[in-house]
Amino acid sequence: MLEGKGLMSMIKIEDISHVRFRAPDLSIMQDFLEAFGLTLAVRDETNLIMRAHGPAPFVHSTEKGEAGFAALGLRAASSDDLQILADANDVAVEPFDMPGGGQVVRLTDPDGRLVEVVADQSMMDLLPVDERPAVNTGLSHPRQSETIRITAGPATVMRLGHVVLDVSDFQIVEDWYKQRFGFITSDEIEMAPDQPMGAFLRCDLGDRPTDHHTLFLLQALENPGFNHAAFEVLDINEVMRGHEYLKSQGREASWGIGRHILGSQIFDYWLDPWGHELEHWTDGDLFTAADGSNKATLDDLLAVQWGMLHPVVAAMREGE
């Protein structure tokens, strides 16, 4: 459903907060996430909590157990917004027992996924980031008498940027998220005219620019579930550095490197040891609420401006 059809939201979230998973071996998960570019925040016998270089106290957590996706976290502007959600959904506002503290409201979406809406977390100091050299182009050459040397290592991951969910009934699930969290459609994906199958949803921050999408909902072809989580890295050099490092570590690549059409990000996708897909990305589009909504095709979703074809597209072309 495109933005502007009369939906009134309970609150307007500010951003995504975190993702939660379960895995049977926390050491194996930690090794992968550190190679991916995350940093240990807290670990005990049953929980592994990781942060990025940005101010969020954590962005990824893993509870010991059977492998799977456990929860999506969203960040509200204040505890007042949490109370609005709690009252409207007949749940409680609770203390959030995670790094950064704060308060949380826990909801369950139409597919049974846990959604944790947090507020009043204490933010952290940024982790150290290497100074970025100036970039020479065909129009200007600010970097002179200076070389670029990219040292081997994990990508510099700054933040969690978005999550993609495969859903059982796109329009029902989209309505649920929009009514509670104020999402605006950036691009609605149609299988055929007036037959929507998914949508890229951004936060409504008024005249403040925000990511092209914080949440993408896609009609499931089989079972609904987690599709992928995407983490913004410092720049294109960090996409490439992360790619080379993960490859050198024998990690399993999924899709990339390339540049999307919808959202415009330069992307690189990898699989964690239990098959959860995580993306490095940089240089994505930013829009305000006034920039409105658009419609797009399945080709727009799967095609690239340049780079590696989506595996589904590549398989189709091989079969032609």
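The values are calculated or read from the model by the stated rules, or taken from the named source; none is laboratory data. This one's a predicted model, so the numbers in the text were calculated from it and none came from an experiment. Every residue, glycine as well, gets a Cβ built from its backbone with ideal geometry; the counts of neighbours run over all protein chains shown. What goes into the accessible areas is simple: the full protein's heavy atoms, side chains included, and nothing from ligands, DNA or RNA. Shrake-Rupley method; radii C 1.70, N 1.55, O 1.52, S 1.80 Å.
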- Query: So which trypsin sites (Lys or Arg not before Pro) in the range 112-153 end up in coil per DSSP with only 15 or fewer other C-beta atoms within 10 Å?
  - Reply: R143, R149
- Query: With every protein chain present, what is the per residue accessible area of the chain (1.4 Å probe, Å²)?
  - Reply: 47
- In Hz, Karplus ³J(HN,Hα) per residue of the range 281-292 (6.51, -1.76, 1.60; θ = phi - 60°; x = Gly, Pro): 8, 8, 6, x, 6, 10, 9, 9, 4, 5, 6, x
- Message: For a quick check of understanding: with a 1.4 angstrom probe and all protein chains in place, what accessible area in square angstrom does S264 have, to the nearest ten?
- Response: 20
- Grab the Cα-Cα distance for D87 and Q195, subtract it from 0.36 nm times how many residues apart they are, and report the gain in nm with one decimal. 35.4 nm
- Message: If the reach is capped at under 18 angstrom between alpha carbons, list the aspartates and glutamates near K64, excluding any in the same chain fewer than eight residues apart.
- Response: D25, D31, E34, D44, E45, D97, D272
- Query: Taking H as built 1.01 Å from N, whose amide H comes closer than 5 Å to the amide H of T214, not counting residues under 5 places away?
  - Reply: L201, R202, C203
- Calculated from DSSP H runs of 4 or more alone, at -39500 (n - 2.57) each and per residue, what is the 222 nm mean residue ellipticity of the chain, nearest 500? -5500 deg cm²/dmol
- Calculate how many DSSP beta bridges within the range 1-143 are antiparallel, expressed in % of all such bridges and rounded to the nearest 5. 70
- Relative contact order computed over the chain (Cα-Cα under 8 Å; 6+ residues apart), in percent: 18
- Convex hull of the chain built on C-alpha atoms - directionally averaged projected area, nm²: 18.4
- Which far-off residues, 5 or more places away or on another chain, put their amide H under 5 Å from the one on G258, with H placed in the peptide plane? F267, M308
- Query: How large, in percent, is the carbon and sulfur part of the accessible surface of the chain at a probe radius of 1.4 Å?
  - Reply: 49
- For the range 206-258 the GluC sites (Glu not before Pro) that pass both the DSSP coil test and the at-most-11 other-Cβ-within-10 Å test are E222
- Sparse-neighbourhood loop hits (GluC sites (Glu not before Pro), the range 109-155; DSSP loop; Cβ within 10 Å at most 11 others) -> E131, E146
